[in-house]
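Trainee: Submitted below is the structure of interest, expressed as structure tokens.
Bear in mind these aren't lab numbers, they're just calculated from the coordinates by the rules spelled out. Everything quoted here is computed from the prediction, not taken from an experiment. Backbone-built Cβ (ideal geometry, glycine too); neighbour counts: all protein chains shown.
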Amino acid sequence: MGLVKIHVYNRETTGKNENRRTRVAGFTPAVIYGRERETTKVQLNTAEFTKIMQKTGGRSVIFDLDLEGESENPIALMRELQQHPVSDVYMHVDLLEIPRGKPVEVEVSVVAEGDSQILRFNEAAVVQLLDTVTVSCLPRELPDRLTIDVSDLEINDSIYVKDLKTPAGEITTDPELQLLVIKAVSLFVEEETVEEGVEGEEGAEGEDGAEGGDGEGDDKKSDD
């Protein structure tokens, strides 16, 4: 996920009651702070913020803040999000401003793309082991995602983190970690069959144990 633009509005009021009124009016109280900025009280449009959270999952989001009154948009990480324990209503958001020119480390999605004959005819399937990798780069250069072309891969071929390319910055995840592997579909069937067989045996053993226990109980009862 690259930079996510969001509108930010100045907020003059503070306090529990005022924050409640802010939320009723359709906004979420927030603050922006950082080494080069005094803490600034702001508010976010709750509907806009909710859509962003639903789309991104709230993970490693870097915001491009369209803040009224500032000529250049600040860049900020969401440092803390407070939600109501019962209703999940957004109560307060803390935004940490990132100094200009400083790289950040963020989880970036990895997506397998492309097609091949063995995939097209269901002879094999892509087993993806990592959904994200960590990328270090300037916030404004952060890629939305990284892609892997699987068109030329054959059965048992693997892709590792070191095989990935990023358009900006560098990937800091362990380069020797396996990202994905191409597996024959028949292997899936065999593995599932074995797993089902093991589960069935365990279940049968449990039933036998339970029956044995009942029998002992009956004997004791008759002895008494």
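Trainee: Under a 5 Å amide H to amide H cut-off, with H placed in plane at 1.01 Å, what residues pair with Leu179 once short-range neighbours are removed?
Mentor: Ile159, Tyr160, Val161
Trainee: Here's a follow-up. Between Thr39 and Lys165, what is the label-to-label distance in nm when each label sits 7 Å out along the Cα-to-Cβ direction?
Mentor: 4.7 nm
Trainee: Across region 68-83, in residue order, what do the Karplus-derived ³J(HN,Hα) couplings come to in whole Hz, using 6.51 cos²θ - 1.76 cosθ + 1.60 with θ = phi - 60° and x for Gly and Pro?
Mentor: Karplus values, whole Hz, x for Gly and Pro: 4, x, 10, 6, 10, 5, x, 10, 9, 8, 7, 8, 8, 10, 9, 10.
Trainee: Magnitude of the Cβ-charge dipole of region 3-97, K/R +1 and D/E -1, about the Cα centre, nearest 20 debye?
Mentor: 440 debye
Trainee: So for the pair Ser136, Asp115, with labels modelled 7 Å out along Cα→Cβ, what separation do we get in nm?
Mentor: 4.0 nm
Trainee: Quick one: which residues, 5 or more positions from Val4 or on another chain, have an amide H under 5 Å from its amide H? H modelled 1.01 Å from N in the peptide plane, none for Pro or chain starts.
Mentor: Close amide H contacts, sequence-distant or interchain: Ile62, Phe63, Asp64.
Trainee: For region 104-186, give the magnitude of the charge dipole about the Cα centre (Cβ charges: +1 Lys/Arg, -1 Asp/Glu; no others), in debye to the nearest 20.
Mentor: For region 104-186, the charge dipole is close to 100 debye.
Trainee: Moving on to the next point. Determine, for Ser136, Ser71, Ser87, Ser186, the number of other Cβ atoms within 10 Å of each Cβ, and report the residues in order from fewest to most.
Mentor: Numbers: Ser136 15, Ser71 5, Ser87 8, Ser186 11.
Arranged by neighbour count, lowest to highest, Ser136, Ser71, Ser87, Ser186 become Ser71, Ser87, Ser186, Ser136.
Trainee: In debye, nearest 20, what is the charge dipole magnitude of region 132-175 about its Cα centre with +1 on Lys and Arg Cβ and -1 on Asp and Glu Cβ, if you could check? Each step should come with its number before you reach the end.
Mentor: On the way: 4 positive and 9 negative charges, 56 e Å.
It comes to approximately 260 debye.
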